[in-house]
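Throughout, read-outs are computed from the coordinates displayed, never taken from laboratory work. Everything numeric here is computed off the predicted structure, so don't read it as measured data. Methodologically, a virtual Cβ is constructed for each residue, glycine included, from the backbone with ideal geometry; neighbour enumeration extends over all protein chains shown.
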Amino acid sequence: MQSIEGIGCPEGIESGEASIKGKNNVHRMQRLASLVAVLAALVVVSACGGGGGSAGGGSAGDGGGGDLLQQVKESGVLRVSTDPAYPPQSFQTETGDFKGFDIDVAEEIAKRMGVEVEWQTPSWDVITAGNWNGRWDLSVGSMTPTPDRRKVLHFSPAYYYVPAAAAVHESNTDITDPATDLDGKTIGVCGACTYEAYLEGALDIPGEYEYVVENPQIRTYDTDSSAIQDLALGDGVRLDAVMSSLYTLEEARKSGTPIKVVGDPLFYEPLAAAIDKEAPADPQPLVEEVSSIINEMHQDGTLTKLSEKWYGIDLTKKQGA
Amino acid sequence: MVWALIFVALAVLFVAFQFDTAFMLQWLPFILAGVPLTILISVLGILLAIPLALLGALGRLSANPVFNGISGFYVSFVRGTPLIVQIFFIYLGLPQLAQYAPGPLQNLFILGTITSGVLALGINYGAYMAEIFRAGIQSVGHGQIEAAQALGMTRAQTMRRIVLPQAIRVIIPPTGNEFIAMIKDSSLVGIVGTQELFFRASKIGRQYFQNLETLVVAAMIYWALTSIFSYFQGRLERRLATGYVRERGGPHGH
């Protein structure tokens with residue numbers, strides 16, 4: 001062995017040479033201190049909350065007394081989940097800001113409650129599955145109140161209604177009417193969403209609709225845009241059609257994706273805000289507060305204004321299918 | 001030279017396929033903004049993995065059947081299950097157990113995305129690195145241990161003063177490699193909704209239906225990150241080897 005310094009581990013070597021008890025204890029203390037530092041760092045990270053776009057403490061859900069509404073008001077922060085891959089409902093700008101119809105609606109709700117919004121971005125199926133464990137307070141994410149979701153989530157009244165439609169590759173010519181031409185075709189949809197339930201004949205939402213697609217070959221994706229991307233590969237390459245919100249499909253077409261919407265909307269989805277039934281603090285007062293704010297926003301025309309801003313038309317009135 | 005040709009060929013392909021470089025540049029800052037989180041997760045992950053790996057290695061080498069059994073199970077189970085399953089287990093699975101925990105402890109079961117990710121990465125890499133640590137410890141010659149015992153040191157003292165300081169020389173280079181691998185694996189934490197590098201790239205790609213562009217941007221950033229750390233890793237490795245290289249510049253290391 002040449003030199004001890006060459007090994008590059010001065011600390012370890014030192015303790016190896018120091019046979020005095022006191023010095024050894026000091027060393028052990030240092031090691032303990034560094035362990036504590038690591039743990040402290042972890043705690044800081046967990047306190048900073050999970051993955052929200054904006055900074056800020058996620059303290060509202062931490063046990064404590066009072067119901068959920070009270071906790072939100074005390075902390076001054078309403079933690080809202082959103083899936084920012086759906087323009088014009090929800091998306092992020094270059095600077096990381098959240099924008100869109102859902103975003104504006106949530107911020108208006110928070111404003112009327114006198115609190116700030118903190119965004120969280122869990123994946124869609126995690127939001128719809130309920131049991132949020134107090135990680136966030138509210139979903140304003142264009143969610144359809146299906147019976148399955150009603151089992152785990154409280155819903156506000158619908159804040160708008162979106163037509164669900166089918167699209168095919170733009171080179172396709174034999175699918176023109178979804179009511180007859182989609183039978184037996186391979187259709188892409190997002191997993192655990194209403195379009196999948198519709199194709200399975202298991203949709204159960206307020207409103208009138210008919211199941212017109214027989215024997216579809218359903219392909220599920222993590223999100224609508226992945227399905228649209230696969231459809232764009234070519235007619236019948238991976239998919240024959242995609243079912244999604246009319247506006248998601250139109251938005252894709254506008255950004256240059258070679259798809260086209262066919263026929264009339266298959267059904268209209270009422271879309272509402274949701275709150276976890278199993279929230280650690282009693283969610284009922286928050287549900288009532290959010291519901292009455294949404295009714296207020298219907299009456300004073302705020303929702304109509306926001307709908308016209310993002311969609312160009314008023315989607316906030318119930319439409320017949 | 002070969003690399004230069006590859007780059008030229010790729011550049012030609014990019015142009016031929018009408019790569020939207022303006023779009024890539026437009027979103028580069030947004031995707032880059034995920035880098036600090038990617039590095040934070042990886043650094044905390046490796047800091048957690050190191051003590052776990054040391055415990056795991058000591059357990060594997062221990063004659064105590066309980067300690068040996070626990071660490072054997074830890075290494076085998078964690079290495080035998082996918083990292084993504086472990087992340088989901090901690091983020092989505094653990095909270096289901098919170099109801100059985102006494103009140104104040106419940107929050108320990110409900111972890112944020114970043115904490116979940118750091119825990120999963122740390123536990124996962126700790127199991128892999130336990131083998132590295134074990135090899136490092138076993139690389140210390142047996143004569144040294146006998147000599148230490150002859151001097152009257154206890155087993156713990158021998159481990160602390162003689163074996164570990166020398167084992168570290170063997171352990172540090174592969175640990176650096178593990179850190180570099182972890183930078184890449186931290187992308188899995190994006191799947192539970194942490195706004196790190198990969199999450200940002202994939203969201204923007206989906207939103208504008210330009211996955212290829214944003215994924216190339218993400219790949220280039222990961223590559224740059226791992227290249228930078230590999231460079232430092234190489235320097236560290238050379239520095240640690242200095243005491244053991246007999247002929248400067250010669251091919252015969254020890």
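An ellipsoid equivalent to the stretch A:161-269, defined through the eigenvalues of its Cα gyration tensor, has semi-axes of 19, 14, 13 Å when rounded to whole angstrom and sorted largest first. Each of B:Leu105 and B:Phe23 was given a label point 7 Å from its Cα along the Cα-to-Cβ line. The distance between the two points is 5.1 nm.
Model label sites at B:Trp223 and B:Val43, defined 7 Å from Cα along the beta-carbon direction, differ in position by 2.6 nm.
Applying 1/(1 + (r/R0)^6) with r as the Cβ-Cβ distance of A:Asn215 and A:Val237 and R0 = 22 angstrom yields a FRET efficiency of 0.60. For the peptide B:161-168, the mean number of other protein chain Cβ atoms found within 10 angstrom of a residue's Cβ is 5.
For A:Val117, the residues 5 or more places off, or on other chains, whose built amide H falls under 5 Å of its own are A:Leu78. Under 5 Å from the amide H of A:Val162 lie the amide H atoms of A:Glu269, A:Leu271, each residue being 5 or more positions distant or on a separate chain, with H modelled from the backbone and absent for Pro and chain starts.
Among the DSSP helices (H) of chain B, those spanning at least 18 angstrom by Cα along their long axis with an average Kyte-Doolittle hydropathy of 1.6 or more are B:2-16, B:35-61; this is a geometric and hydropathy rule only.
Qualifying trypsin sites (Lys or Arg not before Pro) in the stretch A:127-175, where qualification requires a DSSP coil assignment and no more than 13 other C-beta atoms within 10 Å, are lacking entirely. Mean projected area of the Cα convex hull of the protein assembly as shown, taken over all directions, amounts to 32.2 nm².
Here's how it looks for A:Ile259: its modeled amide H is under 5 Å from those of A:Glu170, which are all 5 or more places away or on a different chain. Summing +1 for each Lys or Arg and -1 for each Asp or Glu among the other residues whose beta-carbon sits under 13 angstrom from that of A:Asp102 gives -2. In a reduced charge model with +1 at each Lys and Arg Cβ and -1 at each Asp and Glu Cβ, chain B shows a dipole moment near 600 debye about its Cα centre.
Could you tell me which GluC sites (Glu not before Pro) in the stretch A:170-252 are loop residues by DSSP with no more than 16 other beta carbons within 10 angstrom of their beta carbon? Can you show the working numbers first?
On the way: sites: A:Glu170, A:Glu196, A:Glu200, A:Glu208, A:Glu210, A:Glu214, A:Glu250, A:Glu251; in loops: A:Glu170, A:Glu200, A:Glu208, A:Glu210, A:Glu214.
The qualifying sites are A:Glu170, A:Glu200, A:Glu208, A:Glu210, A:Glu214.
Under 16 Å from a label point set 7 Å out along the Cα-to-Cβ vector of B:Phe67, the amide N atoms of the stretch B:143-172 belong to B:154-164.
Under 19 Å from a point 7 Å along the Cα-to-Cβ line of B:Ser76: which residues of the stretch B:118-133 have their amide N that close? Label zone hits: B:124-132.
Straight-line cross-link reach from A:Lys317 at under 17 Å between alpha-carbon atoms covers these aspartates and glutamates, not counting any fewer than eight positions away in the same chain: A:Asp102, A:Glu208, A:Glu269, A:Glu296, A:Asp300, A:Glu308.
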